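The values are calculated or read from the model by the stated rules, or taken from the named source; none is laboratory data. Keep in mind that what you see is a predicted model, and the values were worked out from it rather than measured. Backbone-built Cβ (ideal geometry, glycine too); neighbour counts: all protein chains shown.
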Amino acid sequence: MRIFFVFLTLIFFLFSSGCGPKKDEKIILDSKDLESQMTEAYNKGLKALEEGDVLFAAKNFNIVENIYPQSIWAPRSILMAAYSYYSQDYYGDAISELKRFIKTFPENENSSYAYFLLATCYYELIVDEKKDLSSISQSKKYYNLIIKKYPNTDFALDSKFKLLLINNILASKEVYLGKYYLSKKKWIPAMNRFKNVITDYEETEYVEEAIHRLVEINYILGLEEEAKKYAVLLGYNYQSSEWYKESYKVFNKKYKDPISSIKKDEGNKIIKKFKELFK
């Protein structure tokens, strides 16, 4: 499987700068017997991919599958067709091929690669997280699947990194909506959005601002003790943060430094401290 992955990776770096797809070409196989036709079609697919004609390449790879659907070359050809589409940003076509591969060959040795490429296709389709979450949710779904099903692969390692980026995108959306509700003085919906950031995306860069906004909202609503609890949380984890300084100003600088009497345990996570504050 690793050799096959390296092969695909080399193709990507060698030919990703090639020209776009050419005019649709008719496939003619000169070989007489089926096995020779399969080899011919596969080689034509590789040549077309090298030249940047991904549509012709994908067609040839599909022919390989049609000639010998039960051979070891059938699943490889589907993956090569998917990769051909992916290499030139035809993500929809690549997704269709990959889903077909997963459905037809669920136990294939290259399934981890198929899932990873599928997740990456959805990831590349992310355009505006504020309007459409479908691509985000699908990419997150498949990256999580890879981590769970193939934990010891390179794909799992890269999936964890991609999930951090995705969570940052989702957290930014929650903050965006929270600030929108805040500007409309819709306190409860705004509060819920900022709480979502704390509970669901605690490792993202948006946690500090979310906690600060909760300090603001609770103080505005006259819930000063609740506001203080969030200020403690912010100071406990992000004392040097600009958002901590902003929260300090909410109390007109009369509020005692909320972390002065707290002995910090470096091993605690923010979510653990959050739960303790509201017991």
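For this structure, a couple of remarks:
- Residue, modelled with the highest pLDDT, within region 136-191, restricted to residues that are among the basic types (Lys, Arg) and within 15 Å of Glu209 (Cα to Cα): Lys179
- Restricting region 141-161 to residues that are assigned to a helix (DSSP H, G or I) and touching a Ser or Thr at 6+ places or on another chain (Cβ under 7 Å), the residue that is surrounded by the fewest Cβ atoms within 10 Å (Cβ to Cβ): Ile147
- Test for Ile188: is it in a helix (DSSP H, G or I) and touching a residue at least 12 places away in the same chain (Cβ under 8 Å): no
- Near pairs, Cβ below 6 angstrom, 6+ apart or cross-chain, from region 204-225 (within 11 Å of Tyr244 (Cα to Cα)) to any residue that is of a type in the set (D, E, K, R) and not in a loop (DSSP other than H, G, I, E, B): His212/Glu246
- Looking only at region 122-140, and only at residues there that are out of contact with any Lys or Arg (no Cβ under 9 Å at 6 or more places or on another chain) and either touching a residue at least 24 places away in the same chain (Cβ under 8 Å) or not hydroxyl-bearing (Ser, Thr, Tyr) (or both), the one that is surrounded by the fewest Cβ atoms within 10 Å (Cβ to Cβ): Lys131
- Of the criteria (1) among the basic types (Lys, Arg); (2) surrounded by 14 or more Cβ atoms within 10 Å (Cβ to Cβ); (3) modelled with pLDDT of 80 or more, which one Lys47 fails: (2)
- Matching residues, region 39-88, being more than 28 Å from the chain's Cα centre (by Cα) and of a type in the set (Val, Ile, Thr): Thr39, Ile63, Val64, Ile67, Ile72
- Looking only at residues of region 72-92 that are touching a residue at least 60 places away in the same chain (Cβ under 8 Å) and in a helix (DSSP H, G or I), we find that the one that is farthest from Asn62 (Cα to Cα) is Ser87.
- Some residue of region 258-278 being assigned to a helix (DSSP H, G or I), at pLDDT 75 or above and in contact with a helix residue (DSSP H, G or I) (Cβ under 8 Å, 6 or more places away or on another chain): no
- Asn60 surrounded by 19 or more Cβ atoms within 10 Å (Cβ to Cβ) and over 22 Å from Glu50 (Cβ atoms): no
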